[in-house]
Structures are given as C-alpha cells and as structure tokens.
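The values are calculated or read from the model by the stated rules, or taken from the named source; none is laboratory data. Note that this is a predicted model, so its numbers are computed, not measured. Glycine gets a Cβ as well: all are built from the backbone with ideal geometry, and neighbour counts include every protein chain shown.
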Amino acid sequence: MFSSKGARSSGSGQANAKGRGMFSVIGPDMAVTGDVRATADLHIDGSIEGDVACASLVQGADSRIVGGITAETARVAGTIEGSVRVKHLTVERSARIAGDIEYEDITIENGGQVDGRLKRVGTETAATGPRAVPDAGREQAA
C-alpha cells in the first residue's frame, strides 16, 4: 500500500483516479494542520486546519474542517468553518457550515445548518464553459 509504485501512481493524477477508483482517506484518529490537495476523491473523518482541494469530497459526521473547500462534488456531514466552492453540494442533516458557499446545485437535508451566504454560480464560471441553451431561452422570452 505504501510502496514507491503506489506513490508514483498517486502522483499521476486523474487517469489513475478514473481507471482504478482511487481515493484517499483521512481517518478519525488523524489531525492535519496545513492544506490538503488530492487529485482523486477524498474521504475525511478526522480534522483539518487548512484548505482542502479535491475532485470529490465526502466528509464524515464527526469530522471538522477549518478552512476553505474546493471540489467538483461534496457531501458534507460534519463541521466546516470556512468557504465552500463546489459544483454539486449535498449538506446532510448532521452538517454544520459556517461560511459562504458557492455552488451550481445544492441539496440541504432537513436539519443541515448553514450560517453564511449562498451564491449560485452559473456554468459560465464552471470549468466546462458557458451553456448557450439557457441563455438563448432567456433572450427569446424577453
């Protein structure tokens, strides 16, 4: 698991993440101070003091993140103190977020708490580029 071959394959990034279903885990007994970056999916059950950037984030109910989060998708169940910037966000009922959220689509389960501003960003700001169809529909309606 910790061989040099594994280290090389995790450094190669997206191709391996898609091909082998690669993911990283920060367990409940771990406390990280500093920024965390992952090219693959990331599951956090421990605590992090720093920014988190990954493809897809799953946060456990007992975890805590103090810092900003940037991801394509995120499913949060623990505590976050900081900004969240994602395309697809699910806030579970046990989640507590204190910070501003930028999202394309969001689901907040009953009981999930958000203390901050919610800002829906259109696909114009997304990595995939602008969507022409919805804009054309608005022009026709006007």
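Of all residues in the stretch 29-52, which are assigned to a strand (DSSP E or B) and small (Gly, Ala, Ser)?
31, 47 - these are the residues of the stretch 29-52 that are assigned to a strand (DSSP E or B) and small (Gly, Ala, Ser).
Filter the stretch 1-60 down to the residues that are modelled with pLDDT under 95, exposed (fewer than 12 other Cβ atoms within 10 Å of the Cβ) and touching an Asp or Glu at 6+ places or on another chain (Cβ under 9 Å) and list them by number.
Selection gives 21 alone.
Can you tell me which residue is nearest to residue 55 (Cα to Cα) among those in the stretch 82-110 that are part of a strand (DSSP E or B) and of a type in the set (S, T, N, Q)?
90
Please find, among 72, 102, 92, the residue that is surrounded by fewer than 22 Cβ atoms within 10 Å (Cβ to Cβ), farther than 14 Å from residue 121 by Cα and of a type in the set (Asp, Glu).
Within the list 72, 102, 92, the selection yields 92.
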